[in-house]
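Take a look at the structure set out below.
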């Protein structure tokens, strides 16, 4: 921060820099009942860096017949992902389809899922 007095007024400047570092782990489980009878598991692990820079410049001036106050500012932000990985797994034959009615509710699908994570295989990374 800068506050400088000049004859008949002053000039002010302010700069602010902020960084947020965040580690994220997101796990998703999707029940695929579109005929494939698969359970899909997604795992995402990433680091996120968010930088915010704000600059302000302003002044107050007294010219005897005129008083002038002014200010200009600028902000910028950026997001970086220094580490970002995603994995997708599938479990084939994941549901007891004989117990799931043709008009089904979420409880019907969840209740008839085998949830055999050990049988899941890596599809993509």
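Test residue 11 against the criterion of being exposed (fewer than 14 other Cβ atoms within 10 Å of the Cβ), touching a strand residue (DSSP E or B) at 6+ places or on another chain (Cβ under 6 Å) and either part of a strand (DSSP E or B) or on the phi < 0 side of the Ramachandran plot (or both), and give yes or no.
Against the criterion (exposed (fewer than 14 other Cβ atoms within 10 Å of the Cβ), touching a strand residue (DSSP E or B) at 6+ places or on another chain (Cβ under 6 Å) and either part of a strand (DSSP E or B) or on the phi < 0 side of the Ramachandran plot (or both)), residue 11 does not qualify.
Residues are listed down the side, and each one gets a yes or a no for (1) closer than 30 Å to residue 10 by Cβ; (2) part of a loop (DSSP other than H, G, I, E, B):
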| residue | (1), (2) |
| --- | --- |
| 48 | no, no |
| 55 | yes, no |
| 60 | yes, no |
| 65 | yes, yes |
| 77 | yes, no |
| 80 | no, no |
| 86 | no, no |
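Could you please find all residues in region 37-46 being within 16 Å of residue 120 (Cα to Cα) and either without any contact (Cβ under 8 Å) to a residue 40 or more places away in the chain or part of a strand (DSSP E or B) (or both)?
First, the residues of region 37-46 that are within 16 Å of residue 120 (Cα to Cα): 37-43.
Passing the criteria: 38, 39, 40, 41, 42, 43.
Regarding region 53-64, can at least one residue be identified that is surrounded by 10 or more Cβ atoms within 10 Å (Cβ to Cβ), at pLDDT below 95 and either out of contact with any strand residue (DSSP E or B) (no Cβ under 7 Å at 6 or more places or on another chain) or within 30 Å of residue 120 (Cα to Cα) (or both)?
No, there is no match, as no residue in region 53-64 is surrounded by 10 or more Cβ atoms within 10 Å (Cβ to Cβ), at pLDDT below 95 and either out of contact with any strand residue (DSSP E or B) (no Cβ under 7 Å at 6 or more places or on another chain) or within 30 Å of residue 120 (Cα to Cα) (or both).
For region 88-100, give me each residue that is in contact with a helix residue (DSSP H, G or I) (Cβ under 6 Å, 6 or more places away or on another chain) and either exposed (fewer than 15 other Cβ atoms within 10 Å of the Cβ) or part of a strand (DSSP E or B) (or both).
Of everything in region 88-100, just one residue is in contact with a helix residue (DSSP H, G or I) (Cβ under 6 Å, 6 or more places away or on another chain) and either exposed (fewer than 15 other Cβ atoms within 10 Å of the Cβ) or part of a strand (DSSP E or B) (or both), namely 91.
The values are calculated or read from the model by the stated rules, or taken from the named source; none is laboratory data. Keep in mind that what you see is a predicted model, and the values were worked out from it rather than measured. No Cβ is skipped: glycine too gets one built from the backbone with ideal geometry, and neighbour counts run over all protein chains shown.
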